[in-house]
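A.B. asks: Supplied in structure tokens, the structure appears directly below.
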Amino acid sequence: MRTERMKALLWREWKLSRKFYLSSWAALLGMMLVYVLFEMSMRFGNLKSLDTDELTAVRTTISILAISFAAYGPIAAAGSDNGMHKKDIQANWLRYSYALPVTPNERAAARMILLVMMQAVGFLLSVFGLAFALRMVNWQFSLYAVLILLVILDISLLVILVQYALVLRARDMKTYALQNTKYVSGIIGAGVVVGLLAARKMSHFASPDGTVSPALQEAVSQFEKKLGTSPDSIKLIDLVNLMTMGHGAQFIETAKHLLPLTIPLTVVLYVLLYLVIRSNLKGAWKHDRSAL
Amino acid sequence: MSDYTNAIEIKGVTKKYDGFTLDNISFDVPKGSIMGFIGQNGAGKTTTIHGILNIIPLNAGTVSILGMDHIKDEQAIKERIAVVFDEMPFHDLFTAADMGRIFKGLYPRWDDAAYQQNLDRFQLPQKKKIGQFSKGMKMKLQIACALSHGADLLIMDEATTGLDPVIRNEILDMFLEYLQDEGHSILMSSHITSDLEKIADSVTFIDRGKILLSGYKDDVLASHGIIKCTKSDYKDLDPADLVSTRLTDFGAEAMVSDRAAAARKYSGLVIDPAALDEIMVYYVNRKKKEWS
């Protein structure tokens, strides 16, 4: 019976969230279609006449788009559950669900399973999108690219964790609006702090007299040289070198050591997420009577 | 587990909110009967029902449903009861067929054939989205779901409020049919006393968080009466005999809670039988003693 209940809960949650989720992925598939058309046109149609520079520009544009979608994969499921909780409050289902023979653990598990499944599918599609993006610019696909996606997934899980901790405790629209405002303000605040820290880091690009630092000048000149002579041979390391002012190799070495840590971190975040969902959905109505 | 005499037993239930207290309430719903739970808006009917269902934690008191403890045996209880709230709890994008699919997974005793029969009886379409249903259709769907999983107890919170008399009658007939099974019981909260007068076996009257009356409907109706007299006759009445008095331009209408005793004591005065809504109004105004 427990399995039947879980199936029913999962089916319900999926039916409610699938529109948002699938439409976002339809956009990615649309982009893949653009790529196919582009390839065909390049071989048989008008794009056949493009010169190398033009082709590189088009390929890079499509690649950047694909990377954006690949990065979207791990976070695709993030918005859907928050929206679902709101829908449950608006439709009065939330209160009704407490009169059903469903345990708090089942309620939390159903939500969690759906989230994990949606994220897993998103993640696979992202890996596919990333491989495609790298192929567009003739870069080799590596396992570290997957780990980078895992970093994005972890950041997304952290955001969801904060979101759930605040929003899932709402039992009425008034509390929901208040909690959602706290969440959005918190995320914006965190974004501002990260932005300020990045800006502070960026200031190292300039010398004290206001001119561009010699290290950056050297990195830019190296990159421009390669771009001018053989743009097809530009690799990830060249971009990283440019962004780290020539310390690309060191940066990649450090990242290689840190990236595998994302795997246990992901597991820990999922466990925390389950606990947050369970504790928030378990709690009965503790708010004032107007919520009833 | 089926060895119980009262479908619901509430003893000393207390729930405190800021500005409102459900104050030490106790009443029973006998097995095989329908109890009307009467009170004006804000009297504490919904809070009591939420307490029974463990949707809100209680400050004190015990609740037994179908012979089981409402917290310890919550899961088992919820498999055997059905709840109908005043507001439609199903999402607009679902259909009646979708709801059947969900409930089939949630309730071990879900009966597809009974559900189909209930939908046919209420002329509810299987495939139409609930968002396109009228208010009456939505309520009928909620009731169709409630009556399709072999529930031994129906708990309804203002289920007939806002429905037109034709639909209300249809629903009340269905409840009477449901009660043909001696093991079935209903707790029906409403402020539409005419519905309860029609079908209830017993009534419990709550006001400002306190139970004022609880007993068999016929006994309550038989014991209460309204003395209709002139203002000068009214002055001769003993205030201790009266619940409250409505003063009109033509005289006074005073309610007594012991009609037989009042008839003996005031033999020269006319004592009319009282309807449930009149009893409710006179009790609500009991603190004022006189009102117009």
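A.B. asks: Just add up the charged neighbours of A:Ser142: K/R +1, D/E -1, any other residue whose Cβ is under 13 Å from the Cβ of A:Ser142.
C.D. replies: +3
A.B. asks: Rounded to the nearest 20 Debye, what is the dipole magnitude of segment B:224-291 about its Cα centre when Lys and Arg each give +1 and Asp and Glu each give -1 at the C-beta?
C.D. replies: The dipole of segment B:224-291 has a size of about 180 debye.
A.B. asks: Which Cα, out of B:Phe20, B:Tyr178, B:Ala114, lies furthest along the positive dipole direction of chain B (beta carbon charges, K/R +1, D/E -1)?
C.D. replies: Most positive-ward Cα: B:Phe20.
A.B. asks: Could I ask something else about it? State, in angstrom, two size descriptors of segment B:6-217 derived from its alpha carbons: Rg to one decimal place and Dmax to the nearest whole number.
C.D. replies: Cα radius of gyration and Dmax of segment B:6-217 are 16.7, 47 Å respectively.
A.B. asks: Return one quarter of the surface area of the convex hull spanned by the alpha-carbon atoms of the protein assembly as shown, equal to its mean projected area, in nm².
C.D. replies: Seen from a random direction, the Cα hull of the protein assembly as shown projects 38.3 nm² on average.
A.B. asks: Can you give the extra length, in nm with one decimal, that the chain gains between A:Asn105 and A:Ala120 once fully stretched, where that is 0.36 nm per residue apart less the Cα-Cα distance?
C.D. replies: This chain segment gains 3.2 nm when fully extended.
A.B. asks: Only counting other Cβ atoms within 10 Å, I'd like B:Asp258, A:Asp53, B:Asp207 sorted with the fewest neighbours first.
C.D. replies: Going from least to most buried by this count: A:Asp53, B:Asp258, B:Asp207.
A.B. asks: Taking θ = phi - 60°, what integer Hz values does the Karplus form 6.51 cos²θ - 1.76 cosθ + 1.60 yield along segment A:14-29, in sequence order, with x for Gly and Pro?
C.D. replies: Computed from phi, the couplings for segment A:14-29 are 5, 4, 6, 9, 5, 4, 4, 5, 5, 5, 5, 6, 4, 5, 5, 5 Hz.
A.B. asks: Just check segment B:112-192 against the gyration tensor rule for me: Cα atoms, a ≥ b ≥ c as the square roots of the eigenvalues, rounded for a/c under 1.5, and otherwise prolate or oblate depending on whether a/b exceeds b/c.
C.D. replies: Judged from the Cα gyration tensor, segment B:112-192 comes out oblate (a/c at least 1.5, b/c at or above a/b).
A.B. asks: What list do you get for A:Thr52, B:Thr245, B:Thr21 if you sort them by fewest beta carbons within 10 Å?
C.D. replies: A:Thr52, B:Thr21, B:Thr245
A.B. asks: Putting +1 on Lys and Arg Cβ atoms and -1 on Asp and Glu Cβ atoms, find which of B:His224, A:Ala131, B:His149 reaches farthest to the positive end of the dipole of the protein assembly as shown.
C.D. replies: Checking the options against the dipole of the protein assembly as shown, the answer is A:Ala131.
A.B. asks: Compute the FRET efficiency between A:Lys256 and A:Gln90 as 1/(1 + (r/R0)^6), taking r as their Cβ-Cβ distance and R0 = 51 Å, and round to the nearest 0.05.
C.D. replies: Numbers: r = 47 Å, r/R0 = 0.93.
It comes to 0.60.
A.B. asks: Once each part is reduced to its C-alpha centroid, what is the distance from segment B:201-264 to segment B:47-72 in angstrom?
C.D. replies: For segment B:201-264 versus segment B:47-72, the Cα centre distance is 32 Å.
A.B. asks: If you don't mind, another one. Along the charge dipole of segment A:2-284, pointing to its positive end and built from +1/-1 on Cβ of Lys, Arg, Asp and Glu, which listed residue (A:Leu216, A:Leu9, A:Val34) has its Cα farthest out?
C.D. replies: Sorting the options by dipole projection puts first A:Leu9.
A.B. asks: At 7 Å along the Cα-to-beta-carbon direction for both B:Ser194 and B:Lys72, put a label point, then send me their distance in nm to one decimal.
C.D. replies: Inter-label distance under the simple model: 4.6 nm.
A.B. asks: Follow-up. Label-point separation (nm) for B:Ala113 and A:Ser23, each offset 7 Å from Cα along Cα-to-Cβ?
C.D. replies: Result: 4.3 nm between the two label points.
A.B. asks: Once every DSSP H run of n ≥ 4 in the protein assembly as shown is given -39500 (n - 2.57) and the sum is divided by its residues, what mean residue ellipticity at 222 nm do you get, rounded to the nearest 500 deg cm²/dmol? Spell out each step's value before the answer.
C.D. replies: Numbers: 22 runs with 323 residues, N = 584.
Taken over the protein assembly as shown, the calculation gives -18000 deg cm²/dmol.
A.B. asks: How large is the charge dipole for chain B, taken about the Cα centre, if only the Cβ atoms of Lys, Arg (+1) and Asp, Glu (-1) carry charge, to the nearest 20 debye?
C.D. replies: 640
A.B. asks: Quick one: putting +1 on the C-beta of Lys and Arg, -1 on the C-beta of Asp and Glu, what dipole do you get for segment A:2-284 around its Cα centre, in Debye to the nearest 20? Could the numbers behind the result be given before it?
C.D. replies: On the way: 28 positive and 17 negative charges, 327 e Å.
So the magnitude is around 1580 debye.
A.B. asks: Measure off 7 Å from each Cα along the Cα-to-Cβ vector at B:Thr5 and A:Met40, then give the distance between these two points in nanometres to one decimal.
C.D. replies: 8.1
Each reported figure results from applying straightforward, stated rules to the coordinates on display, with no laboratory input. The model shown is predicted, which means the values in this text are computed figures rather than measured ones. Neighbour counts are summed over all protein chains in view; Cβ atoms, including those assigned to glycine, are modelled from backbone coordinates with ideal geometry.
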